[in-house]
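Notes for the one structure printed next.
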Amino acid sequence: MQKKSGLDIELGNKSSKIAYEYAIETFPNRNGKRGAVASKSKGGFSNLLIFGKERIGIGSDGIGTKAELAERTGIYDTLGYDLVAMVADDLAAMGFEPTNLSNVIDVDYLDTEIIDELMKGLRDACNFAGITITGGEIAELGNRIGGYGEKMHFNWSSTAIGILPENLKEAIDGSNIKPGQKIFALKSRGFRSNGFSSIRRILSENFGNEWHNEAYDDKNTWGEKMLTPSLIYSPLINEIIKSGTELTGVVHITGGGVFDNLRRALKLNNVGVKLNNLFEPLPEMLKIQQIGKVSNEDAYLWWNMGNGMLLAADEKEADNILHKAKQMNYECRIAGTVTAGSNIQVEFPTFKLEKHY
């Protein structure tokens, strides 16, 4: 059954589990050979693969229905940041330094001007993240691809690989997260590329089919504001790791929001967290929440609510983490503490949320 978010998150998790269970049946194929799987975690966004002395990670993702924002606004050159963020930050969440990317654009018909804008944005995003584009495909699929308006419609996905830095003995999987450690939040600059099924539903119900043309403020329409490109965190994560700082957990806040993604990192050690100093939700998030009558509980399950990544580390690492973030123009703060048990608590002066896993 479809949920209020526009997606059934529990059904999505169940489907991912099914896919993963079939995938692990192929792991023995490379035992003792290059490409052997060495990760301890199950169901992560990427796995540690052994290629001789090189330890490699691989991850795939796409921009999802955020593509419709480009079709509605005619702005295509920012989506590359969303595409890179989804795969590069998934790799960084396990400690990998993203190095190479391949992408696939499925279209109904070709429009070279739009392709030019998309790829220009992808180039800019890869240059920001230090990634090389080393493969790709543009596939014409006719009426198998649909969307808004009469111009070219498209879906866009990518696969990226990364290497584990020499100073990491193993991938970061959350197994070293312990009570007493600190949680650091990295501020997001928008919804990133997640939760747009619910966003589009809410805006359509309140403003009609042409919701993207409604004024958000005196500078932007709703369509333009929702198209805010994702901030890519991998350069900062990789720099923190290279500096010798030990991160025990890195959580990329994507679909499933703060609660579902944080749970992935905490489950190996059966620990919880108390988050009493997260970044406040961005103004557009509060507006969407208000006009859509979305509860705080649902909002923190659907969206990042102003926090794009969470890091776990011993308190002694705080000065270096905060310094590196400031030096590289990322907003970072100590957001909470790891606790015993398996409760995730989110506290603000006006409300408190808690989930047990």
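Each reported figure results from applying straightforward, stated rules to the coordinates on display, with no laboratory input. Note that the structure is a prediction, hence the values are computed from the model and not measured. Positions of Cβ are backbone-derived with ideal geometry, glycine not excepted, and every protein chain shown enters the neighbour counts.
Other residues with beta-carbon under 15 Å from the beta-carbon of ASN329 carry, at +1 per Lys or Arg and -1 per Asp or Glu, a net charge of +3. With a Förster radius of 56 Å applied to the C-beta separation of LYS33 and ALA215, the computed FRET efficiency comes to 0.45.
Pairs of Cα atoms nearer than 8 Å and 6+ residues apart set the relative contact order; for the range 9-163 it is 28 percent. For the chain, adding -39500 (n - 2.57) for each run of n ≥ 4 DSSP H residues and dividing by the number of residues yields -10000 deg cm²/dmol at 222 nm. Note on the chain: GNM, Cα springs under 10 Å; of LYS267, LYS120, LYS316, the largest mean-square fluctuation is that of LYS316. Checking the a/c ratio against 1.5 first, then a/b against b/c, what shape does the Cα gyration tensor give for the range 127-206? Oblate is the answer for the range 127-206, as a/c is 1.5 or above yet b/c matches or exceeds a/b. The stretch between SER175 and ASN270, if pulled fully straight at 0.36 nm per residue, gains 33.3 nm over its current Cα-Cα span.
The simple spin-label model puts a point 7 Å past each Cα toward its Cβ; for MET328 and PHE51 those points are separated by 2.3 nm. Distances between placed amide hydrogens fall under 5 Å for THR99 paired with ILE161, GLY162, ILE163, all partners being 5 or more residues away or on another chain. Would you mind counting up the charge near ASN343? Only other residues with Cβ under 10 Å from its Cβ, with Lys and Arg at +1 and Asp and Glu at -1. Net charge in that neighbourhood comes out at +1. If you run the Gaussian network model on the chain, springs between alpha carbon atoms under 10 Å, then out of PHE96, PHE196, PHE128 the most flexible one is PHE128. Rounded to whole numbers, the Karplus 3J(HN,Hα) couplings from phi for the range 106-123 are 8, 10, 7, 8, 8, 10, 5, 5, 5, 4, 4, 5, 4, 6, 4, x, 5, 4 Hz, using 6.51 cos²θ - 1.76 cosθ + 1.60 with θ = phi - 60°, and x at Gly and Pro. Rounded to the nearest 20, the Cβ-based charge dipole of the chain about its Cα centre (Lys and Arg +1, Asp and Glu -1) stands at 1360 debye.
Full extension of the chain between GLU21 and GLU137 gives 38.9 nm of extra length, using 0.36 nm per residue less the Cα-Cα distance.
Counting alpha carbon pairs within less than 8 Å and at least 6 residues apart, what relative contact order, in whole percent, applies to the chain? Don't skip to the end; give the middle numbers.
Working: 754 pairs, mean separation 71.1, N = 357.
Taking the mean separation of contacting Cα pairs over the length of the chain, I get 20 percent.
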